[in-house]
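Please find one structure pasted underneath; my questions will follow.
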Amino acid sequence: MNHEEFMKTALVLAENGTGYVNPNPLVGAVIVRDGRIIGKGWHKKYGELHAERNAFADCSENCEGADLYVTLEPCCHHGKTPPCTDIIIEKKIRRVFIGSADPNPLVSGKGAEILRQHGIEVHEGILSEQCDRLNEIFFHFITTGTPFVTMKYAMTMDGKIACHTGLSKWITGEESRKNVHLDRLRHSAVMVGVGTVIADNPMLTCRLENGRNPIRIVCDTNLNTPLGCDIVKTANQVPTVIATSSDDSAKAEEYEKCGCRIMKISRKNGHIDLCELMRTLGSEKTDSVFLEGGGELNYSALKSGIVNKVQAYIAPKIFGGLGAKTAVSGDGVNSPELAYMLENAEIKRFGDDIMIESLVRKCSRE
């Protein structure tokens, strides 16, 4: 195996932490001697040992003179666990191969430099593109302090997210829906608008085996979420936030009795201020939001500039209907040159469906 193959193994290991390490990064590590992997580890859960320390714990022989492959620059500061640079030095590792540099100001090159100062050979940028993509959520959150927002919708080939009657289950197939649950696991929170709650009465839970439920967030400017909906009825089992601008304390108390948390957000242009909501969530270490809203919330989210990625699931079906809902509604743009531009598109297939995933190009719209 060559350097890239060992790093690929570390990347696969890192994925095992999906959904359990937020707001920390996904990290995998392997220890190699004479072309043999003698230790494997990954960051398993927020607050627990990092990948490097788990790899050393897994190692069955003396590590002195061995190589370490790690998907992210080793940390060099005290957090919930001791610095990983300490144990790398202590174990007398000869060479360290790093995938991504860590943008965390507490690390940001310092980890690699400390290793070099102790005579350890450091090689950076091994499969950097794949390693960077693995932690796009962490990189965004650690540098901005706000959640990485993925906007997801499922539509027919004629761009409809529901029939003219409002019925929408199911547009996509089982494989697509399973991947949506995986993305709910990847993100710290899932967010919808009150209109979606009223129309679909969703649960917004992660139904994967041993999955972790994301925080559920309902954007509800005027507190119109039905008290009898499934989200409210299960708020004592799954963390549930209703973001609102309403001053009706008596009404808010009814939701709180059911286990919901009322998050007061300022009003902007007739709706809650989504940028303020993201800042509030970020201050509470919510590093990512999976947006599964309807057309109105999707447009508001794009217009406010909070969306980082768009996932469009497209099913080989046609609904038709002038009044059938589309994925992004609102006023829309006035001319093609004002379009919300997407980039770095990837196409994935799930059964008969395809999913186009793109990043939102950040630019001034003045």
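The values are calculated or read from the model by the stated rules, or taken from the named source; none is laboratory data. For clarity, every value in this text was computed on a predicted model and none was experimentally measured. Cβ coordinates were reconstructed from backbone atoms using ideal geometry, including for glycine residues, and neighbour counts include every protein chain displayed. What goes into the accessible areas is simple: the full protein's heavy atoms, side chains included, and nothing from ligands, DNA or RNA. Shrake-Rupley method; radii C 1.70, N 1.55, O 1.52, S 1.80 Å.
How many residues are touching a residue at least 60 places away in the same chain (Cβ under 8 Å) and open to solvent by 20 Å² or more (accessible area, probe 1.4 Å) if we restrict to region 214-230?
The first filter runs over region 214-230 and keeps only residues touching a residue at least 60 places away in the same chain (Cβ under 8 Å), leaving 214-215, 217, 219.
Okay, now just the ones that are also open to solvent by 20 Å² or more (accessible area, probe 1.4 Å), so 215.
Adding up the residues that qualify gives 1.
Condition first: assigned to a loop (DSSP other than H, G, I, E, B) and modelled with pLDDT of 95 or more. Can you find one or more residues in region 189-196 that meet it? Quick ask: steps written out before the conclusion?
Residues of region 189-196 that are assigned to a loop (DSSP other than H, G, I, E, B), as a first pass: none.
No, region 189-196 has no match at all.
Take the residues in region 52-65 that are surrounded by fewer than 21 Cβ atoms within 10 Å (Cβ to Cβ) and not in a helix (DSSP H, G or I); name whichever of them is nearest to the chain's Cα centre (by Cα).
Cys59
I'm trying to understand the selection: among the residues of region 24-51, which are open to solvent by 20 Å² or more (accessible area, probe 1.4 Å) and either among the aliphatic types (A, V, I, L, M) or not in a loop (DSSP other than H, G, I, E, B) (or both)?
Of everything in region 24-51, those that are open to solvent by 20 Å² or more (accessible area, probe 1.4 Å) and either among the aliphatic types (A, V, I, L, M) or not in a loop (DSSP other than H, G, I, E, B) (or both) turn out to be Leu26, Arg33, Arg36, Ile37, Lys40, Trp42, Leu49.
Restricting the search to region 260-289, which residues are more than 17 Å from the chain's Cα centre (by Cα) and open to solvent by less than 30 Å² (accessible area, probe 1.4 Å)?
Selection gives Cys260, Met263, Ile265, Ile272, Asp273, Leu274.
Which residues, counting only those in region 190-210, are of a type in the set (Ser, Thr, Tyr) and under 20 Å from the mean Cα position of the chain (by Cα)?
Within region 190-210, just Thr205 meets the criteria.
Considering only strands (runs of 3 or more DSSP E) fully contained in region 81-163, which possess at least 1 residues that are hydroxyl-bearing (Ser, Thr, Tyr) and either touching a helix residue (DSSP H, G or I) at 6+ places or on another chain (Cβ under 8 Å) or open to solvent by less than 10 Å² (accessible area, probe 1.4 Å) (or both)?
Strands (runs of 3 or more DSSP E) meeting the threshold: 95-100, 148-156.
Given (1) of a type in the set (A, V, I, L, M); (2) without any contact (Cβ under 8 Å) to a residue 40 or more places away in the chain; (3) touching an Asp or Glu at 6+ places or on another chain (Cβ under 9 Å), identify the lone condition not met by Val70.
Val70 satisfies all of (1) of a type in the set (A, V, I, L, M); (2) without any contact (Cβ under 8 Å) to a residue 40 or more places away in the chain; (3) touching an Asp or Glu at 6+ places or on another chain (Cβ under 9 Å) except (2).
Thr81 versus (1) over 17 Å from Ala29 (Cβ atoms); (2) modelled with pLDDT under 95; (3) hydroxyl-bearing (Ser, Thr, Tyr): which is the lone unmet condition?
Going through the list (1) over 17 Å from Ala29 (Cβ atoms); (2) modelled with pLDDT under 95; (3) hydroxyl-bearing (Ser, Thr, Tyr), Thr81 breaks only (1).
How many of the residues in region 173-188 are assigned to a loop (DSSP other than H, G, I, E, B) and crowded, with 22+ Cβ neighbours inside 10 Å?
Going through region 173-188 one residue at a time, the tally reaches 2.
Of the conditions (1) in a helix (DSSP H, G or I); (2) open to solvent by 20 Å² or more (accessible area, probe 1.4 Å); (3) of a type in the set (Ser, Thr, Tyr), Ser246 clears all except one; give me its number.
Unmet for Ser246, out of (1) in a helix (DSSP H, G or I); (2) open to solvent by 20 Å² or more (accessible area, probe 1.4 Å); (3) of a type in the set (Ser, Thr, Tyr): (1).
Please indicate, with yes or no, whether at least one residue in region 157-172 is among the aromatic types (Phe, Trp, Tyr) and either closer than 17 Å to Leu72 by Cβ or touching an Asp or Glu at 6+ places or on another chain (Cβ under 9 Å) (or both).
no
Considering only residues that are in contact (Cβ under 8 Å) with a residue 24 or more places away in the chain and out of contact with any Leu (no Cβ under 9 Å at 6 or more places or on another chain), which ones fall in region 199-213?
Once the filter is applied, which keeps residues that are in contact (Cβ under 8 Å) with a residue 24 or more places away in the chain and out of contact with any Leu (no Cβ under 9 Å at 6 or more places or on another chain), region 199-213 yields Ala199, Asp200, Asn201, Pro202, Met203, Leu204, Thr205, Arg207.
Just a yes or no: is a residue in region 203-210 at pLDDT 95 or above and either open to solvent by less than 10 Å² (accessible area, probe 1.4 Å) or assigned to a helix (DSSP H, G or I) (or both)?
yes
Same structure, new question: Scan region 312-323 and tell me whether some residue there is more than 25 Å from the chain's Cα centre (by Cα) and buried (at least 20 other Cβ atoms within 10 Å of the Cβ).
First pass over region 312-323, keeping only residues more than 25 Å from the chain's Cα centre (by Cα): 316-323.
Now narrow it down to the ones that are buried (at least 20 other Cβ atoms within 10 Å of the Cβ): 319.
Checking region 312-323: at least one residue is more than 25 Å from the chain's Cα centre (by Cα) and buried (at least 20 other Cβ atoms within 10 Å of the Cβ).
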